[in-house]
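For reference, the structure is listed below as structure tokens.
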Amino acid sequence: MSTLFGLPQLTDPDRPSPPVDETGRRHQPSPDELLDGLNPSQRQAVAHEGGALLVVAGAGSGKTRVLTRRIAWLLAQRGAHPGSILAITFTNKAAAEMRERVGELVGGRARIMWVSTFHSACVRILRREVARFGYGSNFSIYDDADARRLMTLVCRDLDLDLNRYAPRAVLNWVSNCKNELLDPQAATDKAHNHLEETYAECYTTYQTRLRDANALDFDDLIMTTVRLFQAFPDVRETYRRRFRHVLVDEYQDTNHAQYVLIRELCGPVNPRRTTDGDLVGAAPDDGGTSSLTAPAELMVVGDADQSIYAFRGANIRNILQFEEDFPNAKTILLEQNYRSTQTILSAANAVIAENAGRKPKNLWSDAGDGELIIGYVADNEHDEAQFVAEEIDRLTDDDAARPSDIAIFYRTNAQSRVFEEVFIRVGLPYKVVGGVRFYERREVRDVLAYLRLLVNPDDSVSLRRILNVPKRGIGDRAEAGVDVLAQRMKTSYWTALQRARDAPELATRSLRCIESFVDLVESLQRLVTDGARPDEVVEAVLTQSGYLKELEDSTDPQDESRVENLSELVAVAREFADERDDATLADFLERVALVADSDQIPDADEADGVVTMMTLHTAKGLEFDVVFLTGLEDGVFPHARSLGDQPELEEERRLAYVGLTRAKQRLYVSRALVRSAWGAPQHNPPSRFLDEVPVTLVDWRRTASAQTSWDSSSASSRYASGGYISPVASSVSSRRRTLPAAKPTAGTRPVPSLAPGNRVLHDSFGMGTVVSVDGVADKAVASVDFGSGGVKRLLLRFSPVEKI
Ligand code: ATP
Ligand code: MG
């Protein structure tokens, strides 16, 4: 990983020769130069000619390096035209990096090469060709929010009960169909119960509406391109002739639609049967047009152990059955890891070995054993962040690493918040990649806008931000109408809202919506003037405004992480209120404003760069000298929803393998004994992945037994949830029973007492099975598996759920 974040790299082993010679002319690299710094198997892959090629190998074995180098080889040695190359990477970020690497090797000619994600490649093809299907080439691409809006309209048009048929759930189902290349007709034919029939009906209507709007959603991009190739052999022929070389990185994360797309591009292949017995791979015209052009040279690289997108339809079989899919395919294995020390590698190998049914690999490194892995058990998540910050300070002071060589990984975006706060406090520059800073996240800003409004009703910016968030029927026209009134009365927007009935031409319906919004705000304001704690106000805003419900009803994975972020915000407020007995909401907002303001990171010394924070999913394909793998607790990582589910647990383990193998020289693994969720301290057992690392490889700087603060600290913030079996924790959890139940804030029902395995009935999601329960009493949060509705995290106090 070199210049991905725009940071200069002192040495880059991926540059075999200077692209420009002393006279300023670009020189053509020689074969030796192109193969320089590669081992024999890697060279073989770079120089391979003919049938499809699969390079399958563990992490850090040079797959991406081989792919990049092969492009240079094709251009320089095989006389390939840059326009004949299509290189597919999984993320836009990886595409940018590869374009840059290839640019360094072959210069400006790299520009006309297609290096992109599947989605952007398909957009480019469709812009040129989709007129064949009657779309305009200026078609819109609907993002998630647009798609959901449309699906909501569709469900309404079909008179569906939105509680039973959550538009998000329908959309998920449709997305799965599209990933499997099932069009509405095929989906209808396959539907075999009422639910699926209804979903299929939604799909049909949704697709018609998309077409009417000259729009394609994200999944359509791939599916429509495949359909185009299949329906118009001449179009397919054009692209087959153009792309003589197709290269795909991270092949383990391709889904079925993407696989078929590659197959359509790369010429005749063996047909195969799907699990349902359908024949794929034999387009009716295969015997005809496909013979016109010899198959393109296909090279895919991947690692089944790093497949981490099954939840988006990625299909590991694509890599396992490559040789069946493509006749005369050749497979090259790479076994030497060039990235990590043997210690790091042995740890990663030991963890991934726990997954069943995988091909064993013999990945080794000659980088020497290097440092032991450093382990740390923190009292809580703040101590963990503090430890990481101190350790980074020490490493940089000792010149053992520069900040830009260091990365912190965590399982979910919300976990960055604690690190950000500690780093801001101690003045360590950092950058959060692939996620928005905590206080800049939309949902956090929305809720802060509510809070500001409660403290200062004249804050029109905050007011107008949340006027119709969540949607409550106050449209743009109504908003503008009130604005006119405010200007005429020369009052604040809030005062005008309170007198909305005087506004000109306000529809009765809008007026009713405005009045109920005013009621909501006034009742929340009373809560504040009555002296409620900041955390109680935050919770009241979340529930009474309907904000939380909207997110919880959604099955969009992004909304799930929004709920997690909001639970973090409740935790921040609760901590703040615990610190200061008389803390008001205004005090809390002031504190938050200060943290948010100091978000302006001081300019770091350029060459040293900044520490990078990211989720494990974002880390795929990258590498850093020093890696902190944090939050290694069962329920955090592996994620709570995977605990009862073997395939999901194995996917989490692959994610752990990805995380561990990002480290080149030093690896830290840490966990916290207590971590807040919804402001409730939650006691998580160590991650099972920690147990899977051989003990001889880890130097534990601090262990659970060193943790002495149980008795000295306030019991109320230290109680544990059940299920943890260490002596320390069980004594604590028995203490928990003597704690008074937390005082309910809003007028709520009794909280059902649930345990993993219980069956429950939820008003909107129907029947489900409890996977795990964190926290107690009115702070209890349960993860419940609602089958096709997905796994939901429910704050039991507010969820319409009962035990059956
Ligand atoms: P991942 O599975 O994580 O995507 P990968 O197999 O794609 O890893 P690369 O990122 O290509 O591996 O390579 C890992 C590191 O090893 C890089 O720093 C790369 O430059 C270096 N490397 C690869 N091959 C060699 C080699 N033959 N000699 C020296 N260094 C190498
Ligand atoms: Mg790679």
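The values are calculated or read from the model by the stated rules, or taken from the named source; none is laboratory data. Note that the coordinates shown come from a computational prediction; the quantities given were computed from them, not determined experimentally. Here the Cβ positions follow ideal geometry from the backbone for every residue, glycine too, while neighbour counts run over all protein chains shown.
Between Glu33, Glu100, Glu49, the distinction of being part of a loop (DSSP other than H, G, I, E, B), more than 13 Å from ligand 2 (Cβ to nearest atom) and either more than 27 Å from Ala663 (Cβ to Cβ) or modelled with pLDDT under 95 (or both) belongs to Glu49 only. Anything in segment 612-645 that is away from ligand 2 (no atom under 16 Å from the Cβ), polar (S, T, N, Q) and in contact with a Gly (Cβ under 9 Å, 6 or more places away or on another chain)? List them, or say none. Answer for segment 612-645, where residues must be away from ligand 2 (no atom under 16 Å from the Cβ), polar (S, T, N, Q) and in contact with a Gly (Cβ under 9 Å, 6 or more places away or on another chain): just Thr615.
Here is a yes/no grid of residues against (1) outside any loop (DSSP other than H, G, I, E, B); (2) touching a Phe, Trp or Tyr at 6+ places or on another chain (Cβ under 9 Å); (3) within 20 Å of Ala414 (Cβ to Cβ):
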site	(1), (2), (3)
Thr612	yes, yes, yes
His617	no, yes, yes
Val626	yes, yes, no
Gly631	no, yes, yes
Phe637	no, yes, yes
Arg641	yes, no, yes
Leu649	yes, no, no
Leu655	yes, yes, yes
Gly659	yes, yes, yes
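Against the criterion of being at pLDDT 90 or above, within 16 Å of ligand 2 (Cβ to nearest atom) and not in a strand (DSSP E or B), Arg70 qualifies. Here is the figure for segment 524-554: residues that are under 28 Å from the mean Cα position of the chain (by Cα) and of a type outside the set (D, E, K, R) total 10. Restricting attention to segment 54-74 and to residues that are of a type in the set (A, V, I, L, M, F, W, C) and under 21 Å from Arg358 (Cβ atoms), the residue that is nearest to ligand 1 (Cβ to nearest atom) turns out to be Ala59.
Asp161 falls short of the stated requirement of being farther than 18 Å from Asp553 by Cβ and either part of a helix (DSSP H, G or I) or modelled with pLDDT under 95 (or both). Considering only segment 77-87, I want to know if a residue exists there that is part of a strand (DSSP E or B), away from ligand 1 (no atom under 15 Å from the Cβ) and modelled with pLDDT of 90 or more. Yes: one or more hits. Among the residues of this structure, Leu171 counts as one that is in contact (Cβ under 8 Å) with a residue 12 or more places away in the chain, out of contact with any Phe, Trp or Tyr (no Cβ under 6 Å at 6 or more places or on another chain) and hydrophobic (A, V, I, L, M, F, W, C). Here Val611 meets each of (1) farther than 22 Å from Pro429 by Cα; (2) surrounded by 23 or more Cβ atoms within 10 Å (Cβ to Cβ); (3) hydrophobic (A, V, I, L, M, F, W, C) with one exception, condition (1). For segment 103-116, give me each residue that is modelled with pLDDT of 80 or more and within 16 Å of ligand 1 (Cβ to nearest atom). Answer for segment 103-116, where residues must be modelled with pLDDT of 80 or more and within 16 Å of ligand 1 (Cβ to nearest atom): just Val115. Being touching a Gly at 6+ places or on another chain (Cβ under 7 Å), within 16 Å of ligand 2 (Cβ to nearest atom), among the aliphatic types (A, V, I, L, M) and at pLDDT 90 or above: is that true of Val56 here? When the stated conditions are applied, Val56 passes them.
Among the residues making up segment 293-312, those that are within 16 Å of ligand 2 (Cβ to nearest atom) and charged (D, E, K, R) are Asp303, Asp305. Taking every residue in segment 618-641 that is over 17 Å from Gln386 (Cβ atoms) and in contact (Cβ under 8 Å) with a residue 40 or more places away in the chain and pairing it with any residue that is among the aromatic types (Phe, Trp, Tyr) and within 14 Å of ligand 2 (Cβ to nearest atom), at least 6 positions away or on another chain, the pairs with Cβ-Cβ distances below 8 Å are Lys620/Phe90; Gly621/Phe90. In segment 313-364, how many are more than 16 Å from ligand 2 (Cβ to nearest atom), at pLDDT 90 or above and either part of a loop (DSSP other than H, G, I, E, B) or exposed (fewer than 15 other Cβ atoms within 10 Å of the Cβ) (or both)? Total satisfying the criteria: 7.
Evaluated against (1) away from ligand 1 (no atom under 14 Å from the Cβ); (2) closer than 18 Å to Asn565 by Cα; (3) at pLDDT below 95, Thr630 falls short on exactly one condition, (3).
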